[in-house]
Structures are given as structure tokens and as C-alpha cells.
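K.L.:
Attaching a single structure in C-alpha cells format; questions to follow.
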Amino acid sequence: MTQPSVALKRLFHLFKVMALSTLIGSVIGGGFSLIWRPQATPLYHSQVLISLTKVRRQKINGTTYINYDNGAQLTGLFQNNFKSPTTERALRQAFKQAKLSTALTQPSELNLTTAHNSSLIRVDVTDHKQQTAVKGANVAAKVAVTQFEKQYQLRNSRVLAWATSADRQVMTISRSEIMLKFMIAGMLLGFLWVFVRELWQRRVASK
């Protein structure tokens, strides 16, 4: 009957230490947010527009007719192929050749979006440098189109509008975000303290 009580005491001690460290972290974070004024960080957003519409020209009796094949049904395949390991490897290699591998490392910096029931696909790239955002969007779009054509042997995809500029956005860290980060840090430090203390006690007891 003593073992459950010891386990409960340890669990209660863990919660107590983590709650106390979280409280201390929130207080420190609140004070830090009042003293330190976060500076605005500029971000640049660039995009490339890809079309999956296939244009077919047919000449009958000297008259050229143009037919448009809407590729809206291919957008799902295009997105899945963009997320495939083969395309990811090709994208990393292309970024490395373009000297962008160290800049575009987070998945949130590169997004692929499609409009409902449309054959248009948008490649969005966000970075702290304007030139990196523009260059990264163009490289990603080129790789996406090349890999899609290679995988499905389709000639529907083409870049409709290349990226030539990037829109400037301003990102700031809010006071609540600073406090949340300090609270998480305090919680982790409290857990680490209990873990190290438990290991030390077991080591001393074994001796």
C-alpha cells in the first residue's frame, strides 16, 4: 500500500514544481515584455501563378480553332505530386543550386494553394529578404511543373505569371506571445529539474 502513495507524492511534486516554474516564467515574461519593446520584422511575400488549362489548336478547312481543356480536375494530382518525396528532393536540389537552401528551410515559408473548381494554382513564398522570396517562388514553380509533367506525362501545366516582385509585410511579436514562450520555457525547466533531481537521488541511494 506504500508504493501508490509514493508514486502519488512524486506526481504531486512534479505538478507543483511545474506549476511554480510556469508561474515564475509568466512573471518574468510579463516583466520582460514591459521592458523590452519588440521591433517590427519585415517579411516579403511573393507568388507565382500556375495554370493547368490545356490549349489545343485545330485547323479545319483553312480555319484555326482553339479549344480550351479545363484542368480543374488535375489540381488534386498536382498538389499530391508537389508533396511527394521525389518532388521534395528535386526542390531541395534546386534550392541548393540557386543558393536558397539555407534561407527557405521552414515548411510555412513555401505554400501551394488552389481555388475551388479552378485550374489555377498559386505558389507562395515568404522570406525576410525580397530577392529570396521572388527567386524562391520562381524556382518552386518551375520544379513543380517539371515534376508534374515528368510523373503524369501531361502538358497541361504551365507558369502563367512569374514572380517579379514581393509584397512587404510587417510582423511583430505581441506581449502575450512573449509571455507564452516564457511560460513554456518555465514548464520545461521545471520538468527538467524534477527529472535531474530524481536521477541524482537514485544515484546517491544506489551508492
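K.L.:
So what's the net charge close to Gln147: Lys and Arg +1, Asp and Glu -1, counting the other residues with Cβ under 12 Å from its Cβ?
P.N.:
Summing Lys and Arg as +1 and Asp and Glu as -1 gives +2.
K.L.:
Follow-up question, since we're still on this one. Count the net charge of all other residues whose Cβ sits under 15 Å from the Cβ of Ala90, scoring Lys and Arg as +1 and Asp and Glu as -1.
P.N.:
+4
K.L.:
So which lysines can Lys129 reach, going by Cα to Cα under 19 Å and dropping same-chain residues fewer than 8 places off?
P.N.:
Partners found: Lys96, Lys99.
K.L.:
Rounded to a whole number, what is D in µm²/s for segment 117-173 from Stokes-Einstein with the Kirkwood radius over alpha-carbon pairs (37 °C, 0.692 mPa s)? Numbers along the way, then the final one.
P.N.:
Details: Rh = 12.9 Å.
Calculated translational D: 255 µm²/s.
K.L.:
Right, another one. So for segment 41-171, averaging the separation of alpha carbon pairs under 8 Å that are six or more residues apart and normalising by length, what relative contact order in percent results?
P.N.:
Details: 240 pairs, mean separation 57.6, N = 131.
Relative contact order here is 44 percent.
K.L.:
Which aspartates and glutamates have a Cα lying under 19 Å from the Cα of Lys150, excluding residues fewer than 8 positions away in the same chain?
P.N.:
Glu88
K.L.:
Non-local amide H neighbours of Leu160 (under 5 Å, H modeled in plane, Pro and chain starts lacking H): which ones?
P.N.:
Distant-sequence amide H within range of Leu160: Leu49, Ile50, Ser51.
No value in this document is a laboratory result; all are computed from the given coordinates. Predicted, not measured: the structure shown is a model, and the values here were computed from it. As a convention, Cβ positions derive from the backbone with ideal geometry for all residues, glycine included, and neighbour counts pool all protein chains shown.
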